[in-house]
Amino acid sequence: MNTKAGAIQKKIWVIILTVLIFLSGAFLGFATVFRVDEVVVKVSAISEEAKTEAQDIRTRLIKRYEKDNIFAVNDKGAKSIVAEYPHFRIAEFKKDYPNRVVLTITEDAEVYAVKQANKEEYLILGADGTILAIRETPTNRLDNNSNVVIEGLSVNGNKGEEAVGDERLQVVLAFCNRLSEKLNGIRNNVLVVKVFDNAPQLHIYTQEGVKIYVAFPENQTRVKADKIAEKYLDLSDEERLCGCILSTDKDDEVFVDYQQKDISE
């Protein structure tokens, strides 16, 4: 009986080992067949400085995902790497079966510059208020012209984070971003945006010379931006050299007028 039981037990172990060997081989085959053999990183970089950063990002992402199993990969590693480059963000992360990962990375353009609280440095912001850089001048790294300078706010923060410290910043950004949409880029037309502590208004200084005065920018923000942009675009080249565009609120309506004489003179 003991001999027979031992033989049966031996057969069971042989079967178990055979199954394990088969499963191990199947797993190794599965891992090999579905291993990431190609990592495609598409980077949209618009500035010269960004091109160097883009190459670093591409190299690191390829190293991060190459040889991984396609079913196990996700965008966590990519997000961790790209987070070290504030000017960039992941636009798309895609698994292209059976063995390719495709990432699209884009550069966020610098748009605004605002003085850091109690410092002489400027926080360089993207359109959404993310701090892309901190530098001594408001210069845009793409074309070496100035970003739109926002004056009158007290903000702070670190690269890669949203600027904080003054709740009015979000109102200013909402208005300016809408204006930017209508003007096909606010940096083409606007130099400075001033915010005032003692009055709910914005003073906007344009490239040509005409000034824009916006009362209560937090009220009907999009409507005001649209009407101001329309009025500005309707001005002749001569009219844009002087005077002011003035927005006022009355009975829940927004009125926008142009005056040849600046009301502040």
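The values are calculated or read from the model by the stated rules, or taken from the named source; none is laboratory data. All of these numbers come straight from a predicted model, not from anything done at the bench. Note: ideal-geometry Cβ built from the backbone for every residue, glycine included; neighbour counts use all protein chains shown. Accessible surface areas use protein heavy atoms only, side chains included; no ligands, DNA or RNA. Shrake-Rupley method; radii C 1.70, N 1.55, O 1.52, S 1.80 Å.
Only one of (1) without any contact (Cβ under 8 Å) to a residue 60 or more places away in the chain; (2) over 23 Å from A50 (Cα atoms) is not met by N140, so which one is it?
(2)
How many residues does the stretch 185-202 contain that are open to solvent by less than 60 Å² (accessible area, probe 1.4 Å) and either over 12 Å from V172 (Cα atoms) or touching an Asp or Glu at 6+ places or on another chain (Cβ under 9 Å) (or both)? Write out each step before concluding.
Residues of the stretch 185-202 that are open to solvent by less than 60 Å² (accessible area, probe 1.4 Å), as a first pass: 185-187, 189-190, 192-193, 195, 199, 202.
Going one step further and asking which of them are either over 12 Å from V172 (Cα atoms) or touching an Asp or Glu at 6+ places or on another chain (Cβ under 9 Å) (or both), we end up with 185-187, 189-190, 192-193, 195, 199.
Of the residues in that region, 9 qualify.
Yes or no: the stretch 128-140 includes at least one residue that is in a helix (DSSP H, G or I), among the polar types (S, T, N, Q) and open to solvent by 60 Å² or more (accessible area, probe 1.4 Å). Outline the logic, then answer.
Residues of the stretch 128-140 that are in a helix (DSSP H, G or I), as a first pass: none.
No.
With (1) more than 30 Å from N145 (Cβ to Cβ); (2) modelled with pLDDT under 85; (3) open to solvent by 80 Å² or more (accessible area, probe 1.4 Å) as the list, and E48 as the residue in question, which single condition is left unmet?
Only one criterion is unmet by E48, namely (1).
Quick one: count up the residues across the stretch 76-90 that are surrounded by fewer than 15 Cβ atoms within 10 Å (Cβ to Cβ) and outside any helix (DSSP H, G or I).
2
Name every residue in the stretch 62-75 that is crowded, with 17+ Cβ neighbours inside 10 Å and of a type in the set (V, I, T), in order of residue number.
I70, V73
Suppose we keep only residues that are farther than 16 Å from I204 by Cβ and part of a loop (DSSP other than H, G, I, E, B) within the stretch 217-238. Which one would you say is most open to solvent (accessible area, probe 1.4 Å)?
Residue satisfying both the conditions and the ranking: E238.
Does V256 satisfy the criteria of being assigned to a strand (DSSP E or B) and open to solvent by less than 90 Å² (accessible area, probe 1.4 Å)? Please lay out each step first, then the result.
Details: assigned to a strand (DSSP E or B): yes; open to solvent by less than 90 Å² (accessible area, probe 1.4 Å): yes.
In short, yes.
For S154, are the conditions met, namely being of a type in the set (S, T, Y) and touching a Gly at 6+ places or on another chain (Cβ under 7 Å)? Reasoning before the result, please.
Numbers: of a type in the set (S, T, Y): yes; touching a Gly at 6+ places or on another chain (Cβ under 7 Å): yes.
Taking the combined requirement at face value, the residue satisfies it.
What pairs come out if I take residues in the stretch 215-226 that are in contact (Cβ under 8 Å) with a residue 24 or more places away in the chain and pair them with residues that are surrounded by fewer than 17 Cβ atoms within 10 Å (Cβ to Cβ) and assigned to a helix (DSSP H, G or I) whose C-beta lies under 6 Å away, six or more apart or interchain?
Pairs found: T221/A174.
Do we find a residue being part of a helix (DSSP H, G or I) and open to solvent by less than 20 Å² (accessible area, probe 1.4 Å) anywhere in the stretch 157-169? Walk me through how you get there before you give the answer.
Narrowing the stretch 157-169 to residues part of a helix (DSSP H, G or I): 168-169.
This time we only want the ones that are open to solvent by less than 20 Å² (accessible area, probe 1.4 Å), so: 169.
Yes: one or more hits.
Scan the stretch 239-253 for residues that are of a type outside the set (D, E) and assigned to a strand (DSSP E or B) and jot them down.
First pass over the stretch 239-253, keeping only residues of a type outside the set (D, E): 240-248, 250.
Within the stretch 239-253, C244, I245, L246, S247, T248, K250 meet the criteria.
If you check K194 against the conditions, is it touching a strand residue (DSSP E or B) at 6+ places or on another chain (Cβ under 7 Å) and in contact (Cβ under 8 Å) with a residue 12 or more places away in the chain? Steps first, please.
Working: touching a strand residue (DSSP E or B) at 6+ places or on another chain (Cβ under 7 Å): yes; in contact (Cβ under 8 Å) with a residue 12 or more places away in the chain: yes.
It is true that K194 is touching a strand residue (DSSP E or B) at 6+ places or on another chain (Cβ under 7 Å) and in contact (Cβ under 8 Å) with a residue 12 or more places away in the chain.
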